[in-house]
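In what follows, a structure is listed as structure tokens, so that the remarks can point back to it.
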Amino acid sequence: MLASLPLPHPLMFNKILIANRGEIALRVIRTCREMGIKTVAVYSTADKESLHVRFADEAVCIGPPPSRQSYLNIPTLIAAAEITNADAIHPGYGFLSENAEFSRICQENGIKFIGASPDMINRMGDKASAKATMIAAGVPVVPGSDGLLQSVEQGKKVAAKIKYPVILKATAGGGGRGMRIINAEDEFQHAWDSARTEAAAAFGNDGMYLEKYVEEPRHIEIQICGDQYGHVCHLSERDCSIQRRHQKLVEEAPSPFMTDDLRERMGAAAIAGAAAIGYEGVGTIEFLVDKNRDFYFMEMNTRIQVEHPVTEEIINYDLIKEQIKVAAGIPISGRNYLPTGHAMECRINAEDPRAGFRPAPGRITTLHIPGGHGVRVDTHVYAGYQIPPNYDSMIAKLITVAQTREECIVKMKRALSEFVVEGVKTTIPFHLALMDSEDFKAGNFTTKFLESFDFSVV
Ligand code: ADP
């Protein structure tokens, strides 16, 4: 066991159970240790040898590899918190982090859920109702259907009004699933059937809504933080436009497309949206920004995000610590945070970028993690680690920080070239090629960028 460090704040939790796995579980454990809070890791049998299990003060096995029987199993998680006397649960991202029922059951069992209340999750986790809440708060949204669509006919009518192309989206969607772009009316029925089938299988909810498809947009999101006393601040933006099939691969802060005026307008809109629901905790308001720098609310994430480190690096702020403090009832300073320097994150996934990013689980035989000035790696893997096939394929996040975007890219290239992962294929060769792309270096890209990227250079 490692030694505990400082004395806790009087309001602070004594022990936090982390209802997650992988790098984010380890990320939370690290901050808890710095805050003098004890930790409980939970793990499926597939994750017995994972680092989060080794670094926590205690660890509880919660079931077999399938997520439904382990990381998504609410009664088992609550039982694990009860046996270990944990007074709070940190849900990380994914899994139960935006599950209103889990948040409610934690509350009912006297365990603080370090995340949004059931009511906030219900209002924001469901994309169609989140849009309605934002409209009421005066935040611009993409034109589209008024709530959920009841039929294909109704969808076609809305599409004719807002004009093609349109995008059909699952209200429970996430990770780019349950979404279809429709260019003309004769594609509607097929898109409707396939998106609903996909959403029903992935989320158990086939509710659909329709939006105008914003052409060549950037995905820019605002990090916000609210406390229990009604203060909300923003912590600047992240640009997440480098996506493949609507899934983020590279994120950076600040956005190369940002201006002081746009940041002020987007920050104010994000704060208005969060304040309208009395938002408590850290959260992200995602926007699409078009070429005229008009922006539209897309969705709110009521949890910590994968890409949070780029924000931490440009504002020198530990977001997990802030999340824990806010949950414990400690007020935030209330001021907004503007970026100093530039940070970028590359998602290192066990996928083969030369074969359509096919997942490539397996055993990591050799591992060398880059280091040096301005380089941060958040990962749960080590040499000899067996990547289980049951979960997502992200094995590490490589983050670089420098004074300027140009230096940040140079540093990223240097760090990527030092990163050695043997035994499995990874996205490292793709990131190296991206860092050489003239358009990327010039900050000249939209969410469509990778559709025309020349993967033969990878
Ligand atoms: P998910 O929750 O599945 O990530 P989002 O609503 O965040 O879904 O959308 C993911 C991505 O899909 C966005 O970053 C953007 O690239 C694209 N997208 C979503 N809505 C639109 C839209 N109305 N117009 C253009 N692109 C969109």
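Would you mind stating whether Ser103 is within 21 Å of the chain's Cα centre (by Cα), within 16 Å of the ligand (Cβ to nearest atom), within 27 Å of Ala274 (Cβ to Cβ) and buried (at least 20 other Cβ atoms within 10 Å of the Cβ)? Criteria not met by Ser103. Being at positive phi, buried (at least 17 other Cβ atoms within 10 Å of the Cβ) and not basic (Lys, Arg) is a description that does not apply to Gly36. Only residues that are in a strand (DSSP E or B) and either away from the ligand (no atom under 11 Å from the Cβ) or surrounded by fewer than 24 Cβ atoms within 10 Å (Cβ to Cβ) (or both) were counted in the stretch 298-310, giving 3. Given the condition near the ligand (Cβ under 10 Å from one of its atoms), basic (Lys, Arg), in contact (Cβ under 8 Å) with a residue 40 or more places away in the chain and within 19 Å of Glu286 (Cβ to Cβ), answer yes or no: does some residue in the stretch 164-175 qualify? Taking every residue of the stretch 164-175 in turn, at least one turns out to be near the ligand (Cβ under 10 Å from one of its atoms), basic (Lys, Arg), in contact (Cβ under 8 Å) with a residue 40 or more places away in the chain and within 19 Å of Glu286 (Cβ to Cβ).
If you check Thr365, Thr302 for being within 21 Å of Gly175 (Cα to Cα) and among the hydroxyl-bearing types (Ser, Thr, Tyr), only one passes: Thr302.
Of the candidates Gly283, Gly273, Gly267, the single residue that is modelled with pLDDT of 95 or more, within 16 Å of the ligand (Cβ to nearest atom), outside any strand (DSSP E or B) and not hydrophobic (A, V, I, L, M, F, W, C) is Gly273. Pairing residues of the stretch 415-444 that are within 12 Å of His368 (Cβ to Cβ) with residues that are of a type outside the set (Ser, Thr, Tyr) and assigned to a strand (DSSP E or B), at Cβ distances under 6 Å and at least 6 apart in sequence or on separate chains, gives Ala415/Val375; Ala415/Leu398; Val420/His368; Val421/Leu367.
Tell me yes or no: at least one residue of the stretch 281-296 is within 22 Å of Thr427 (Cα to Cα), in contact (Cβ under 8 Å) with a residue 24 or more places away in the chain and not hydroxyl-bearing (Ser, Thr, Tyr). No, that holds for no residue. Return the total of residues in the stretch 17-58 being farther than 20 Å from Ile78 by Cα and among the β-branched types (Val, Ile, Thr). Here the count works out to 1.
So which of Ala442, Ala415, Ala402 is out of contact with any Asp or Glu (no Cβ under 6 Å at 6 or more places or on another chain), of a type outside the set (D, E, K, R) and surrounded by 21 or more Cβ atoms within 10 Å (Cβ to Cβ)? Of the residues listed, the single one that is out of contact with any Asp or Glu (no Cβ under 6 Å at 6 or more places or on another chain), of a type outside the set (D, E, K, R) and surrounded by 21 or more Cβ atoms within 10 Å (Cβ to Cβ) is Ala415.
Here's the yes/no breakdown for (1) of a type in the set (Asp, Glu); (2) open to solvent by 10 Å² or more (accessible area, probe 1.4 Å):
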residue: Gly204; (1), (2): no, yes
residue: Leu210; (1), (2): no, no
residue: Tyr213; (1), (2): no, yes
residue: Pro217; (1), (2): no, no
residue: Ile220; (1), (2): no, no
residue: Gln223; (1), (2): no, no
residue: Cys233; (1), (2): no, no
residue: Glu237; (1), (2): yes, no
residue: Ser241; (1), (2): no, no
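Restricting attention to the stretch 258-297, the residues that are of a type in the set (Phe, Trp, Tyr) and open to solvent by 10 Å² or more (accessible area, probe 1.4 Å) total 2. Filtering the stretch 195-246 down to residues that are in contact (Cβ under 8 Å) with a residue 40 or more places away in the chain, in contact with an Asp or Glu (Cβ under 7 Å, 6 or more places away or on another chain) and outside any strand (DSSP E or B), which residue is nearest to the ligand (Cβ to nearest atom)? By that ranking, first place goes to Val214. Restricting attention to the stretch 176-194 and to residues that are small (Gly, Ala, Ser) and closer than 19 Å to Glu286 by Cα, the residue that is farthest from the ligand (Cβ to nearest atom) turns out to be Gly178.
The values are calculated or read from the model by the stated rules, or taken from the named source; none is laboratory data. These numbers were taken from a predicted model, which means no experiment stands behind them. Note that we place each Cβ from the backbone using ideal geometry, even for glycine, and neighbour counts take in every protein chain shown. Heavy atoms of the whole protein, side chains included, go into the accessibility calculation; ligands, DNA and RNA do not. Shrake-Rupley method; radii C 1.70, N 1.55, O 1.52, S 1.80 Å.
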